[in-house]
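*Asks:* Could you have a look at this structure, given as structure tokens, before my questions?
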Amino acid sequence: MLVAYDRSGVGLQRREAADAAATDATVWLDLLNPKREEETKVERALKLEVPTREEQREIEASSRLYQENGAQFMTATVLYQTDSAEPVTTPVTFILSGNRLITLRYADPRAFSLFAARCRKGDPTLTSGLAVLIGLIETIVDRMADFIERVQGEVDQLSHSIFEMKGGMASRQQRFDVLLRQIGREGEYTSRAREATHSLGRMLTFLTQIVTERKDDKLVKARIRTAARDVASLADHVSFLSNK
């Protein structure tokens, strides 16, 4: 599916990009589980090459963060389904091409729908692809923080259950078996959160270099630095939870 978001008044107007991928007013093109013809439409309109799904999964930094033909390509690992019992991660590619942002994804993290709703309600700051990118990152970070807070609450409850456990040996052993499985689950959660925070942190470092080269507004740089500090803080907290 290819969706375009065009400047309209004080917000962005959502448009199914079945006919034209981009107009002069387009600042964000969102590719969700795209068909090949949709990818081709974007490539022809913006004169760039969209990464394949296999290329998105590559882990080396040179394949995830690079510049090509005047566009900047950034792939980050993003948490999704964080409200469920089985949160997972997915690669999402962000492409800055001039004044436009292109997002390429094969999953639907809730941060995207939350941010899209904000766009439609009206936000006078969303006048460029870079502004949309920063808003998306901030929403992703907020969602990740909520998930890590949830994990902390579960880990604290586990600690309380272990040290306050009473009863006979047999019943305690049975409960220990249950708690051990829960500890393993929380360990998996923190592992995925660590992967996401480290990936996003690397992307923000790269983005800082990009906006410096592009000589973007100082307010933009300040927002990126704030997001980078928030991600670093979350990464430290995830490490603490893992050790606990």
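*Asks:* List the lysines whose Cα sits under 23 Å from the Cα of LYS35, skipping any in the same chain fewer than 8 residues away.
*Replies:* Filter leaves LYS47.
*Asks:* Let me ask something additional. Leaving ligands, DNA and RNA out of it, report the carbon-plus-sulfur percent of the accessible area of the chain at a 1.4 Å probe.
*Replies:* 50
*Asks:* Express in nm, to one decimal, how much length is gained between THR52 and ASP217 on full extension, taking 0.36 nm for each residue of separation and deducting their alpha carbon distance. Don't skip to the answer; put the middle values down first.
*Replies:* Details: separation 165, 0.36 × 165 = 59.40 nm, distance 3.21 nm.
Gain in length upon complete extension: 56.2 nm.
*Asks:* How far, in nm, would the chain grow between HIS198 and THR23 when pulled straight, counting 0.36 nm per residue and subtracting the alpha carbon separation?
*Replies:* Numbers: separation 175, 0.36 × 175 = 63.00 nm, distance 3.52 nm.
Working it through step by step, the gained length comes to 59.5 nm.
*Asks:* On C-alpha positions alone, give me the angle between the axis of helix 36-46 and the longest principal axis of the chain, in degrees, nearest 10.
*Replies:* 50
*Asks:* Report the antiparallel proportion of the DSSP beta bridges in the chain as a percent, rounded to a multiple of 5.
*Replies:* Values: 31 of 36 bridges.
Just about 85 percent of them are antiparallel.
*Asks:* A further question follows. Using the heavy atoms of the protein chains alone and a 1.4 angstrom probe, what is the accessible area of the stretch 1-62 per residue in square angstrom?
*Replies:* In whole numbers, the stretch 1-62 has 57 Å² accessible per residue.
*Asks:* Can you work out the accessible area per residue across the stretch 188-244, with the rest of the protein chains kept in place, probe 1.4 Å, in square angstrom? All intermediate terms of the calculation are to be shown ahead of the outcome.
*Replies:* Numbers: 3180 Å² over 57 residues.
On a per-residue basis, the stretch 188-244 sits at 56 Å².
*Asks:* If you average 1/r over all unlike Cα pairs in the stretch 177-216 and invert the result, what Kirkwood radius do you get in angstrom? Don't skip to the answer; put the middle values down first.
*Replies:* Numbers: mean 1/r = 0.0814 Å⁻¹.
Taking every pair of different Cα atoms in the stretch 177-216, averaging 1/r and inverting gives 12.3 Å.
*Asks:* What value, in deg cm²/dmol to 500, does the helix sum -39500 (n - 2.57) over DSSP H runs of n ≥ 4 give at 222 nm once divided by the residues of the chain? Write out the running numbers ahead of the final one.
*Replies:* Values: 7 runs with 138 residues, N = 244.
Computed ellipticity for the chain at 222 nm equals -19500 deg cm²/dmol.
*Asks:* Moving on to the next point. Work out the FRET efficiency for TYR66 and SER242 from their Cβ-Cβ distance, taking R0 = 25 Å, and round it to the nearest 0.05. It would help to have the intermediate numbers written out before the result.
*Replies:* Working: r = 31 Å, r/R0 = 1.22.
Working from the Cβ atoms, E equals 0.25.
*Asks:* Running Debye on the chain with equal point scatterers at the Cα sites and no solvent, what base-10 log of I(q)/I(0) appears at q = 0.09, 0.12, 0.15, 0.17 Å⁻¹?
*Replies:* So the normalised log intensities work out to -0.44, -0.71, -1.02, -1.26.
The values are calculated or read from the model by the stated rules, or taken from the named source; none is laboratory data. All figures in this text were calculated on a predicted structure; none of them were measured in a lab. Note: ideal-geometry Cβ built from the backbone for every residue, glycine included; neighbour counts use all protein chains shown. Accessible surface areas use protein heavy atoms only, side chains included; no ligands, DNA or RNA. Shrake-Rupley method; radii C 1.70, N 1.55, O 1.52, S 1.80 Å.
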